[in-house]
Amino acid sequence: QVQLVESGGGLVQPGGSLRLSCAARGNFFSIYAMHWYRQAPGKEREMVAHINNAEETMYGDSVKGRFTISRDNANKMGYLQMSSLRPEDTAVYYCHADILAKDYSRPRGYWGQGTQVIVSS
């Protein structure tokens with residue numbers, strides 16, 4: 001009954017910016033780490049950014065200095081601000097979070113459905 005819902009994807013020109021959002025919905029106690037992954041056609045899913053509940057962050061090498069991950073615990077939201085976008089950033093972006101749901105004694109990982117980002121002129 002826990003869902004992650006992404007939004008904010010779309011078509012953007014090279015050099016442009018987009019902000020992805022991830023809303024956590026359902027019956028749960030708390031959100032631990034949050035992550036953004038992406039998967040381009042014909043490629044494996046890769047980790048883009050990570051933020052833990054102390055708001056410490058990590059980034060994949062290909063996005064360092066261009067992407068920023070953040071979270072709003074009060075509103076159960078996660079964000080990925082993407083700047084200086086390149087055609088190679090084109091992919092489906094997925095939100096993942098470790099959440100302690102009310103029916104479970106340990107946190108479990110949940111995935112969103114993904115949002116498409118296309119960087120093209």
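The values are calculated or read from the model by the stated rules, or taken from the named source; none is laboratory data. What you are looking at is a predicted structure, and each value in this text was computed from that prediction instead of being measured. As a convention, Cβ positions derive from the backbone with ideal geometry for all residues, glycine included, and neighbour counts pool all protein chains shown. In case anyone asks, the SASA skips ligands and DNA or RNA and just uses the protein heavy atoms, side chains included. Shrake-Rupley method; radii C 1.70, N 1.55, O 1.52, S 1.80 Å.
General remarks:
- Unmet requirement for residue 93, which otherwise passes all of (1) among the hydroxyl-bearing types (Ser, Thr, Tyr); (2) closer than 19 Å to residue 4 by Cα; (3) exposed (fewer than 15 other Cβ atoms within 10 Å of the Cβ); (4) in contact with a Leu (Cβ under 8 Å, 6 or more places away or on another chain): (3)
- Pairs, first free of Cβ contacts under 8 Å to residues at least 12 places away in the same chain and of a type in the set (Asp, Glu) in the range 87-113, second open to solvent by 100 Å² or more (accessible area, probe 1.4 Å) and outside any loop (DSSP other than H, G, I, E, B), C-beta under 8 Å, six or more apart: none
- Per the listing 102, 76, 64, the residue uniquely among the basic types (Lys, Arg), over 20 Å from residue 10 (Cβ atoms), open to solvent by 40 Å² or more (accessible area, probe 1.4 Å) and touching a Gly at 6+ places or on another chain (Cβ under 9 Å) is 102.
- Residue pairs whose Cβ atoms lie under 9 Å apart, separated by 6 or more positions or on different chains, with the first residue in the range 64-75 and farther than 16 Å from residue 99 by Cβ and of a type in the set (Ser, Thr, Tyr) and the second at pLDDT below 95 and surrounded by 10 or more Cβ atoms within 10 Å (Cβ to Cβ), are 70/55.
- Residues (under 23 Å from residue 73 (Cβ atoms), open to solvent by 30 Å² or more (accessible area, probe 1.4 Å) and either without any contact (Cβ under 8 Å) to a residue 24 or more places away in the chain or not hydrophobic (A, V, I, L, M, F, W, C) (or both)) located in the range 6-31: 7, 8, 19, 25, 26, 27, 30
- Among all positions in the range 74-86, there is no residue which is among the charged types (D, E, K, R) and either closer than 14 Å to residue 115 by Cβ or in contact with a helix residue (DSSP H, G or I) (Cβ under 6 Å, 6 or more places away or on another chain) (or both).
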